[in-house]
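A short worksheet on the structure shown next.
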Amino acid sequence: LYVDHPLGQGQSVPLSREQAHYLFGVMRLSVGAAVLLFNGVDGEWRAEVAEAGKRGGTLVCAARTRPVQMPPDLWLMFAPIKKARTDFIVEKAAEMGARRILPVQTEFTNAGRVQRDRLQAHAVEAAEQCGGTYVPEVADMQRLDRALTGLGDRRLMFCDEALAGAEDTSALPDTPGPWAILIGPEGGFSDKERARLHRMDTAHAVQLGPRILRADTAAVAALTVWQQRLGD
Ligand code: SAM
């Protein structure tokens, strides 16, 4: 269970109404039951239920079961699409070990505003579901040019189905260190954006096979390729 609270020996952790409902209403736990907790910083802790109520409760940390396992330093940047497909991208990125998830506004991005808190909640659920000890941060949406500037020296795997002379995935350098993946919107990248990406020494254009994939499929494919070549 993810909690937004410090964890440590003997630490009391208050539960929200939703968490109490899940643990005591759905899972039917009672006082004394063990629950595994993580907060993305202090590792995983075995805690015991000290108070169980309908609207809240308290857990007390007993022992650390695992240190925090940081995923590799990989960011996923993507142009948001329809709500359900955007949720899917965030969920899969969290499961596959992206460290940071950045929605970016490109020229052909149709999605309006992105509800960061809702996407962050999806990342939390995905981390809980896959037994992670870390939750990737979902950043606020920012314009592509600003997001690219924010990359600094970070290498970029820029996925583009349409780029003449695009490298295939086997040409991705094995360079370790920080990386980011960039997935475009349904309308693809504009010529101006492609030109900017091409000028970046740190960007590597990548083809994910001969077919045009939907952006959500492309995100999963790109994360898989990156994990296989450069992940740990
Ligand atoms: N508008 C484009 C078209 O119709 O030609 C398709 C864009 S595609 C639906 C959305 C994004 O997924 C692209 O911007 C790219 O980042 C990624 N993508 C899809 N297929 C890909 C492929 N075969 N190789 C690399 N990237 C791909």
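The values are calculated or read from the model by the stated rules, or taken from the named source; none is laboratory data. If you're wondering where the values come from, they're calculated on a predicted model, not measured in any experiment. Here the Cβ is made from the backbone with ideal geometry for all residues, glycine too, and neighbour counts use every protein chain on show.
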| request: Give the range 222-232 a look and list any residue that's surrounded by fewer than 16 Cβ atoms within 10 Å (Cβ to Cβ), touching a residue at least 60 places away in the same chain (Cβ under 8 Å) and away from the ligand (no atom under 13 Å from the Cβ), or say none. | output: Arg229, Gly231, Asp232
| request: Check whether at least one residue in the range 86-96 is part of a loop (DSSP other than H, G, I, E, B), over 30 Å from Gln142 (Cβ atoms) and not charged (D, E, K, R), and report yes or no. | output: no
| note | Given the conditions (1) touching a residue at least 60 places away in the same chain (Cβ under 8 Å); (2) among the aliphatic types (A, V, I, L, M); (3) in contact with a Leu (Cβ under 8 Å, 6 or more places away or on another chain), every one holds for Leu172 apart from (1)
| query | How many residues does the range 119-147 contain that are in contact (Cβ under 8 Å) with a residue 24 or more places away in the chain and part of a helix (DSSP H, G or I)? | reply | 12
| said: If I ask for residues that are aliphatic (A, V, I, L, M), within 30 Å of Thr224 (Cα to Cα) and either assigned to a strand (DSSP E or B) or more than 19 Å from the chain's Cα centre (by Cα) (or both), which ones from the range 41-78 would you list? | reply: Leu74, Leu76, Met77
| request: Output the number of the condition that Gly184 fails; it satisfies all remaining conditions of (1) of a type in the set (Gly, Ala, Ser); (2) crowded, with 18+ Cβ neighbours inside 10 Å; (3) within 13 Å of the chain's Cα centre (by Cα). | output: (3)
| Here is a list of conditions, (1) surrounded by 15 or more Cβ atoms within 10 Å (Cβ to Cβ); (2) of a type outside the set (Val, Ile, Thr); (3) under 23 Å from Ala147 (Cβ atoms), and Glu44 meets all of them except one; can you say which number that is? | (3)
| remark: Exactly one of Ala147, Ala203 is at pLDDT 95 or above and surrounded by 15 or more Cβ atoms within 10 Å (Cβ to Cβ), and that one is Ala147
| message | Just the residues that are within 6 Å of the ligand (Cβ to nearest atom) and in a helix (DSSP H, G or I), please, taken from the range 176-221. | response | Ala215, Ala218
